[in-house]
1. Could you order 140, 46, 51, 88 by accessible surface area, starting with the largest, using a probe radius of 1.4 Å?
2. If you roll a 1.4 Å probe over the range 46-136 with all protein chains in place, what percent of the accessible area is carbon or sulfur?
3. Regarding the range 108-171, what's the average projected area of the Cα-atom convex hull, expressed in nm²?
4. Once you put a point 7 Å from the Cα of residue 85 and another 7 Å from the Cα of residue 122, both along the Cβ direction, what distance in nm separates them?
5. What figure in square angstrom, to the nearest 10, would you give for the accessible area of residue 150 with a 1.4 Å probe?
Amino acid sequence: MKPYARVLTFLFTLISFTTLTITVPAAPTQVSADSSGTVGNAASQRPSLSRDGKKIAFSSAASNLVTSDTNGTADIFVRNLETGLVERVSLAGTSEVYGGNSTSASISPDGRFVAFVSTQPSLISPDQNGTTADIYLYDRDNDTIQRISLSSSGTQATGASDGKIAVSDQG
């Protein structure tokens with residue numbers, strides 16, 4: 001018997017005593033749809049999947065993914081892939097936000113936090129740099145949003161904050 005054959009036999013023996021469960025969806029899932037499955041009426045982009053594969057954050061200009069989305073701009077959404085529930089996270093509390101787009105969603109590995117870029121000046125007051133792109137962090141557990149593109153002294157950026165965003169379990 002060749003040396004590599006023993007190793008393969010040993011590995012096969014180990015594998016035969018374990019159970020491997022793989023869940024495969026029956027069909028592709030349309031992520032950019034409302035909670036009832038109606039497909040979004042405009043483009044969606046830049047998805048970010050949580051580590052467990054149960055939540056996905058994305059940017060969309062669709063106005064029909066949640067009720068009362070009347071701002072006419074791209075927003076950040078999170079879809080629970082198990083329940084189908086869709087929530088908009090680029091809001092100032094429960095108020096409609098006007099004046100700019102939100103893009104580049106990044107969801108934390110556990111799905112709690114969503115970081116994104118936005119030019120919406122009314123997400124957090126005061127916004128002293130107007131429609132300059134800022135980076136925000138939304139906490140889905142506490143329904144809070146904070147601007148994180150600040151200097152160490154808390155000063156807002158005078159130039160655009162953008163680029164590839166990643167967020168940890170701790171936000």
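1. Most to least solvent-accessible, the answer reads 51, 46, 140, 88.
2. On the way: 1860 of 3610 Å².
Carbon and sulfur together cover 52 percent of it.
3. Numbers: hull surface 17.7 nm².
Convex hull of Cα atoms, orientation-averaged projection: 4.4 nm².
4. So the label points at residue 85 and residue 122 sit 2.7 nm apart.
5. 70
The values are calculated or read from the model by the stated rules, or taken from the named source; none is laboratory data. Bear in mind the structure is a predicted one, so any value in this text is a computation, not a measurement. Virtual Cβ from ideal backbone geometry, glycine too; neighbours counted across all protein chains shown. Side chains included, ligands, DNA and RNA excluded: accessible areas come from the protein's heavy atoms. Shrake-Rupley method; radii C 1.70, N 1.55, O 1.52, S 1.80 Å.
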